[in-house]
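The block underneath contains the structure these notes are about, expressed in structure tokens.
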Amino acid sequence: MHKVVLLLGGNLGDRYKNLCLADELISQQMVCTQRSPIYETEAWGGRSKGFFLNRVMVFETEAQPIEVLRICQRVENRLGRARDLKWGDRTMDIDILYYDSLIIDSPKLKIPHPFIADRRFALAPLAALMPAFIHPLLNRTQKDLLFATTDSAEVREWSPASEP
């Protein structure tokens, strides 16, 4: 079995419902072993307007990395993901952060995700869920990466009860 770490997030529609649906759909194809708390985060990349809900999930699977990518893209599409604008608003975005400690650098897939160290919204849930996991290229823990990031975007734990 392989260990796959995914980051799920979105800022359009019913954000919480979309996270729950994505969790359910992915969990039909891979076995979820861990879920981080949900975080509400500022948009990253300068093109989105609303706050995102994000969560990191860890799965066990026999699927190879390219098939995990296909699973993620099918779930995004099912939840109405439009790919009009890079780093724009979206109903659901699912990134493969890690696949075991594998390093893949191909036109279709890059693992570990190339922007992990630059994104507080990914590092906060990673550090909460798996603080001692070593980034295979940077050779640093998730907790160390969170401490060292220059990203100052607001990231706070969120629960359905905190919605107005």
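The values are calculated or read from the model by the stated rules, or taken from the named source; none is laboratory data. No experiment lies behind these values; they were computed from the predicted model shown. Here Cβ is always computed from backbone atoms with ideal geometry, including for glycine, and neighbour counts include all displayed protein chains.
Under the condition of being without any contact (Cβ under 8 Å) to a residue 40 or more places away in the chain and out of contact with any helix residue (DSSP H, G or I) (no Cβ under 6 Å at 6 or more places or on another chain), which residue from the stretch 105-117 is surrounded by the most Cβ atoms within 10 Å (Cβ to Cβ)?
P112
Can you tell me which of V5, V31 is hydrophobic (A, V, I, L, M, F, W, C), under 27 Å from I103 (Cβ atoms) and touching a residue at least 40 places away in the same chain (Cβ under 8 Å)?
Being hydrophobic (A, V, I, L, M, F, W, C), under 27 Å from I103 (Cβ atoms) and touching a residue at least 40 places away in the same chain (Cβ under 8 Å) holds for just one of V5, V31, which is V5.
Quick test of your reading of the structure: R47 fulfils all but one of (1) under 25 Å from V155 (Cβ atoms); (2) in a loop (DSSP other than H, G, I, E, B); (3) at pLDDT 95 or above. Name the failing condition by number.
It is condition (3) that R47 fails.
Name the residues in the stretch 136-164 that are in a loop (DSSP other than H, G, I, E, B), among the aliphatic types (A, V, I, L, M) and over 24 Å from D105 (Cα atoms), would you?
Correct list: A153 only.
Give the stretch 20-34 a look and list any residue that's in a helix (DSSP H, G or I) and either surrounded by 12 or more Cβ atoms within 10 Å (Cβ to Cβ) or β-branched (V, I, T) (or both), or say none.
Residues satisfying the conditions are C20, L21, A22, D23, L25, I26, S27.
Every residue in the stretch 8-18 that is surrounded by fewer than 22 Cβ atoms within 10 Å (Cβ to Cβ) and of a type in the set (A, V, I, L, M), please.
Across the stretch 8-18, the qualifying residue is only L12.
If you go through the stretch 35-45 one residue at a time, do you hit one that is in contact with a Ser or Thr (Cβ under 9 Å, 6 or more places away or on another chain) and among the aromatic types (F, W, Y)?
no
Considering each residue of the stretch 119-135, count those that are surrounded by 14 or more Cβ atoms within 10 Å (Cβ to Cβ) and either in a loop (DSSP other than H, G, I, E, B) or among the charged types (D, E, K, R) (or both), and give that number.
5
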